[in-house]
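The values are calculated or read from the model by the stated rules, or taken from the named source; none is laboratory data. Model, not experiment: these values are computed from the prediction. In this analysis, Cβ positions are derived from the backbone assuming ideal geometry, glycine residues included, and neighbour counts consider all displayed protein chains. Note: areas computed on protein heavy atoms with side chains; ligands, DNA, RNA excluded. Shrake-Rupley method; radii C 1.70, N 1.55, O 1.52, S 1.80 Å.
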Amino acid sequence: MSLFSDFRTRHISLSVGVALALTGCQKELVPSASLSPTTDIPVNTQITPDSTAERTITPYRTRVDQTMNEVIGQAPEAINRGEIESPLGNLVADLSRTQVMAVYGKPIDMGGMTNGGLRNPIDQGPITVGDVFELMPFENEMLVLTLSGATVKEMFDFAARTKILFVANATYTLRNARAEEITIGGKPFDINKTYTLAISDYLANGGDNMGFLKTALKVEKTGLLARDAIMKEIKQRTAQNKPVTGAKDGRVKVVN
């Protein structure tokens, strides 16, 4: 079952459950009832669909399917997940920064995304709206954080230690689970400076064990969902006749 079929099924079940629960509150109108083993009804393909329910659901199902099946881009090769650096992690971290800058209207030093926030790879071939929803099924808003140099260093050490955080517009050397030789925007990291980071509200609020981000000196909302940032990037590349690609580019140098 796909994510969206599962969503529709759970939504219908929830609606029915809520209706029954509300009806059940009117005790004077509903007689008490009990179930016994003889009333068990197996749920299988032999059950005939309810025609009224089907007529009600079909227009919505058709509309959802049309939207989710819309092709918005092409991937010449699969864009996969992975640790330390991955094509998908680098791609989404980069577009997090650039797409947020477009709505923020000012430069942003870095973009960030974790491996856990990316639920599906992008397969080779056509990319649909549904693919993006499966990649990023969350309603997370992108924020801009202003961080002290000490917090930024903690962030890079977290990335080196856990290998799950991808950072845009930055490089570092990973040695003994610590980040060394950090550069941001092509310049050496300065612990005495402050830096800005585009990242989802989930991570900004300490998700994926990134509690240090809650010490941000400033938090600014953008109104842009992480999923919409991905969608915009893909559509823009398509409008420019560009394929959607991601790659490891050496932003993390691993030294054993």
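A few points about this structure:
- Per-pair calculated FRET efficiency, R0 = 22 Å: ILE191 and LYS218 via Cβ, rounded to 0.05: 0.75
- Å² of accessible area per residue within the range 155-256, as computed with a 1.4 Å probe and no ligands counted: 53
- Report note on the peptides 77-85, 160-168: ranked by the mean count of other C-beta atoms within 10 Å, highest first, their order is 160-168, 77-85.
- In terms of its C-alpha gyration tensor, the range 113-164 comes out prolate, because a/c is 1.5 or above and the ratio a/b outweighs b/c.
- Cα gyration tensor, the range 161-221 - rounded (a/c under 1.5), prolate or oblate: oblate
- Take the Cβ atoms of GLN240 and GLN124, set R0 to 22 Å, and the FRET efficiency comes out at 0.65.
- Estimated at 0.36 nm per residue, the fully extended path between VAL254 and THR52 surpasses their Cα-Cα distance by 66.7 nm.
- Prolate/oblate/rounded label for the range 75-169 (Cα gyration tensor, a/c 1.5): oblate
- The range 115-205, accessible surface, carbon-and-sulfur percent (1.4 angstrom probe): 47
- Placing R0 at 35 angstrom, the Cβ-Cβ distance between THR45 and GLU141 gives a FRET efficiency of 0.25 after rounding to 0.05.
- Local electrostatic count at ALA75 - Lys and Arg +1, Asp and Glu -1, tallied over other residues with Cβ under 11 Å: -2
- Three principal axis extents describe the C-alpha atoms of the range 118-256; from largest down they are 43, 34, 26 Å.
- For the range 213-256, the fraction of 1.4 Å probe accessible surface lying on carbon and sulfur atoms is 49 percent.
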